[in-house]
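Structure, as structure tokens:
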Amino acid sequence: MKQILHVNVNDYDIEISDSGFNKLKSDLDEFTAGKKRLIVISKKVYSLYEQFLSLNPKEFIIIPDGEKEKNFKNYMKILETAYKLGLTRNDIMIAIGGGVIGDITGFAAATYMRGIDYIQIPTTLLSMVDSSVGGKTAINLNDGKNIIGAFHQPKAVFININFLKSLDKKNLMSGLGEILKYAFIEASCNYSKSIYFYEYMTLCCDKFFELDSVTLIRIIDYSLKLKTAVVEADEKESSLRKILNFGHTLAHALETITKYKKFSHGEAVVYGMFFAFNIAYKKGLINYSYYRLSIELLEKYNFKNINVAKKFNPVKLTEIMKKDKKSKQNKIVMILPVSKKQVKEFEFDSDELLKMF
Ligand code: GLY
């Protein structure tokens, strides 16, 4: 089974399929024919899939996994290797791995010779439904995630769900967090049709956990239809794209305060969404029925509705939220639900937000 989505920003295709790795390799060879290539592959993916991908040793480098690897040293390693291999503006980089590999390779491609093409081959559920699409590329400062970056759209995205067979539960749940986010924001996404993703997610829980191919392809396809509609309307996040940050203001603070060690990204986003639903209900933005149904949807997928933020110092969390890229003039910006599948941006003073914990 294969789904192809076209993205109008930079005119590229996203292919979502369950074909064998031979087909992935031949599609990639066909797409990059006549070009010099630098493949940047995650250490973990290399160790698991090397025999299936049989890469040419002259054209790949391995980068270890983990957020701390999205650093200047690895970024320079990619650029130096590209230069040594003689890549020019007509050539291409290829990222094979999760969000860390995709982000750092994308940023290297954005800056090498003032910008060359790159292809995303995401191998985790989280990177399949989020970071591989939309052109956000970056590396980290020691204390700041994604502080050095650029918008640089990929030339193609090849999503092969066979990579998910080796994904551990924590990473699967992390991707699921972002997927559920799309269900809650569908009506705000500017997509031309109704997908009924919220309803679909209420029905496909068992099939999702069985890793049923049709279900996974459909879920990824729906998520990306919504994401690309948003990106097409607002590539550089000056307005609409901010809605993709639903759940993320608290999530980033939780990740920062725990030094990225306790929560996976999607899990932190889920706690951020619970928090946002609680605030929206307290403020009277949504009715009890929608509040309950949404909490139940998250619980159906085994996420627990605990106010995790209570376990940390709310003053510290609020301070971190104020430093977020999204905050403006000392106000904390949060995306909150306002009706079924609809969200809007709100601004809070620290004191006002502290009362919501
Ligand atoms: N991950 C949110 C975005 O791509 O805008």
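Yes/no per residue for (1) in contact with a helix residue (DSSP H, G or I) (Cβ under 8 Å, 6 or more places away or on another chain); (2) away from the ligand (no atom under 12 Å from the Cβ); (3) open to solvent by 60 Å² or more (accessible area, probe 1.4 Å); (4) not in a loop (DSSP other than H, G, I, E, B):
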residue	(1), (2), (3), (4)
Ser192	yes, yes, yes, no
Ile195	yes, yes, no, no
Lys207	yes, yes, yes, yes
Tyr222	yes, yes, no, yes
Lys242	no, no, no, yes
Tyr291	yes, yes, no, yes
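On the stretch given as the range 230-240, residues that are assigned to a helix (DSSP H, G or I) and under 21 Å from Met334 (Cα atoms) total 4. Please list, ordered by first then second residue, the pairs with beta carbon atoms under 6 Å, 6 or more apart or interchain, first in the range 109-130 and of a type in the set (Phe, Trp, Tyr), second within 16 Å of the ligand (Cβ to nearest atom) and assigned to a loop (DSSP other than H, G, I, E, B). Between residues of the range 109-130 that are of a type in the set (Phe, Trp, Tyr) and residues that are within 16 Å of the ligand (Cβ to nearest atom) and assigned to a loop (DSSP other than H, G, I, E, B), the close pairs are Tyr118/Pro154. Within the range 141-186, can you find the residues that are modelled with pLDDT of 95 or more, open to solvent by 20 Å² or more (accessible area, probe 1.4 Å) and not in a helix (DSSP H, G or I)? Scanning the range 141-186 gives Ile148, Gly149, Ala150, Phe151, His152, Lys155, Leu167, Asp168.
Would you confirm, using the coordinates I've provided, whether Gly134 is surrounded by 23 or more Cβ atoms within 10 Å (Cβ to Cβ), within 15 Å of the chain's Cα centre (by Cα), closer than 19 Å to Lys43 by Cα and within 16 Å of the ligand (Cβ to nearest atom)? First the steps, then the outcome.
Details: surrounded by 23 or more Cβ atoms within 10 Å (Cβ to Cβ): yes; within 15 Å of the chain's Cα centre (by Cα): yes; closer than 19 Å to Lys43 by Cα: no; within 16 Å of the ligand (Cβ to nearest atom): yes.
For Gly134, the condition - surrounded by 23 or more Cβ atoms within 10 Å (Cβ to Cβ), within 15 Å of the chain's Cα centre (by Cα), closer than 19 Å to Lys43 by Cα and within 16 Å of the ligand (Cβ to nearest atom) - is not met.
Selection of the range 308-336 for residues being open to solvent by 20 Å² or more (accessible area, probe 1.4 Å) and among the small types (Gly, Ala, Ser) yields only Ser327. Of the listed requirements (1) buried (at least 16 other Cβ atoms within 10 Å of the Cβ); (2) within 20 Å of Ile116 (Cα to Cα), Gly86 misses just one: (1). Condition check: over 19 Å from Glu186 (Cα atoms), touching a residue at least 24 places away in the same chain (Cβ under 8 Å), assigned to a helix (DSSP H, G or I) and away from the ligand (no atom under 16 Å from the Cβ). Does Asn305 satisfy that? For Asn305, the condition - over 19 Å from Glu186 (Cα atoms), touching a residue at least 24 places away in the same chain (Cβ under 8 Å), assigned to a helix (DSSP H, G or I) and away from the ligand (no atom under 16 Å from the Cβ) - is not met.
Residue-wise test of (1) open to solvent by 80 Å² or more (accessible area, probe 1.4 Å); (2) touching an Asp or Glu at 6+ places or on another chain (Cβ under 8 Å); (3) among the β-branched types (Val, Ile, Thr); (4) in a helix (DSSP H, G or I).
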residue	(1), (2), (3), (4)
Lys35	no, yes, no, no
Lys44	yes, yes, no, yes
Tyr49	no, no, no, yes
Leu55	no, no, no, no
Lys58	yes, no, no, yes
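What pairs come up if the first residue lies in the range 5-16 and is not in a strand (DSSP E or B), the second is not aliphatic (A, V, I, L, M), and their beta carbons are under 6 Å apart, counting only those six or more places apart or on different chains? Within 6 Å, the pairs are Asn8/Glu232; Val9/Gln153; Val9/Glu232; Val9/Glu235; Asn10/Gln153. In the range 249-268, what residues are within 12 Å of the ligand (Cβ to nearest atom) and open to solvent by 10 Å² or more (accessible area, probe 1.4 Å)? Correct list: His252, His265.
For the range 155-173, check the following and say yes or no: at least one residue is within 16 Å of the ligand (Cβ to nearest atom) and either touching a Ser or Thr at 6+ places or on another chain (Cβ under 8 Å) or over 30 Å from Glu296 (Cβ atoms) (or both). Yes, that holds for at least one residue.
Which members of the range 76-130 meet the condition of being part of a loop (DSSP other than H, G, I, E, B) and either of a type in the set (S, T, N, Q) or within 18 Å of Val231 (Cα to Cα) (or both)? Break it down into steps so the answer makes sense when it comes.
We begin by selecting, within the range 76-130, every residue part of a loop (DSSP other than H, G, I, E, B); these are 85-91, 98, 115-116, 123-124.
Thr88, Asn90, Thr123, Thr124 - these are the residues of the range 76-130 that are part of a loop (DSSP other than H, G, I, E, B) and either of a type in the set (S, T, N, Q) or within 18 Å of Val231 (Cα to Cα) (or both).
State the number of residues belonging to the range 224-240 that are polar (S, T, N, Q) and within 11 Å of the ligand (Cβ to nearest atom). Result for the range 224-240: 1.
The values are calculated or read from the model by the stated rules, or taken from the named source; none is laboratory data. Just so you know, these numbers come straight off a predicted model, no measurement behind them. Positions of Cβ are backbone-derived with ideal geometry, glycine not excepted, and every protein chain shown enters the neighbour counts. Ligands, DNA and RNA are stripped out before the accessible areas are found, and what is left, the full protein with its side chains, is counted by its heavy atoms. Shrake-Rupley method; radii C 1.70, N 1.55, O 1.52, S 1.80 Å.
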